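Bear in mind that the values in this text are calculations on the coordinates, not laboratory data. Predicted model only: the values in this text are computed from it and were never measured. Here the Cβ is made from the backbone with ideal geometry for all residues, glycine too, and neighbour counts use every protein chain on show.
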Amino acid sequence: MKTKTANTVDQMFRAFSDSTRLRILSMLRRTEMGQGELCVCEIVGVLGVPQPKASRHLAYLRRAGLVEARREGLWMYYRLAPARSAFHAKLLDCLACCFEDVPQLARDEKKLKCLPGCCS
């Protein structure tokens with residue numbers, strides 16, 4: 001039987017194994033350095049996927065403990081969760097340094113800067 005820590009590590013690795021979830025994490029990391037959170041409509045706008053698909057990925061990231069959410073009226077806002085362990089901190093470090101060579105993430109960042117305010 002797996003321990004709680006092993007389950008958490010497994011779930012975090014699975015969360016990082018999907019390109020859509022990596023893109024979301026990268027966007028949230030970049031925003032963490034600025035405004036701190038993104039509305040789900042902004043995430044959908046950058047990813048170019050239907051809202052239910054983005055929400056499923058965001059729910060997976062929440063279950064893995066990688067993102068946190070808050071509701072404001074009709075809108076859900078997401079931000080990176082603070083690291084709860086050394087392992088979690090290292091994964092966040094990887095977001096900061098490993099993705100500079102991934103062209104899609106640079107395109108996402110550029111697109112995110114050009115999005116009109118959709119949920120204000």
With axes computed from alpha carbons, what is the tilt in degrees of helix 86-98 against the longest principal axis of the chain, rounded to the nearest 10 within 0 to 90? 40 degrees
Cα-based Rg / Dmax (Å) for region 4-107: 13.0, 38
For the chain, the charge dipole (Cβ of Lys, Arg +1; Cβ of Asp, Glu -1; about the Cα centre) points to a positive end, and the Cα of M27, P82, A96 closest to that extreme belongs to P82
Whats the longest run of the chain with zero trypsin sites (Lys or Arg not before Pro) that are DSSP loop and have at most 16 other Cβ atoms within 10 Å? 3-83
Dipole magnitude of the chain, debye to nearest 20 (Cβ charges: Lys/Arg +1, Asp/Glu -1, about Cα centre): 360 debye
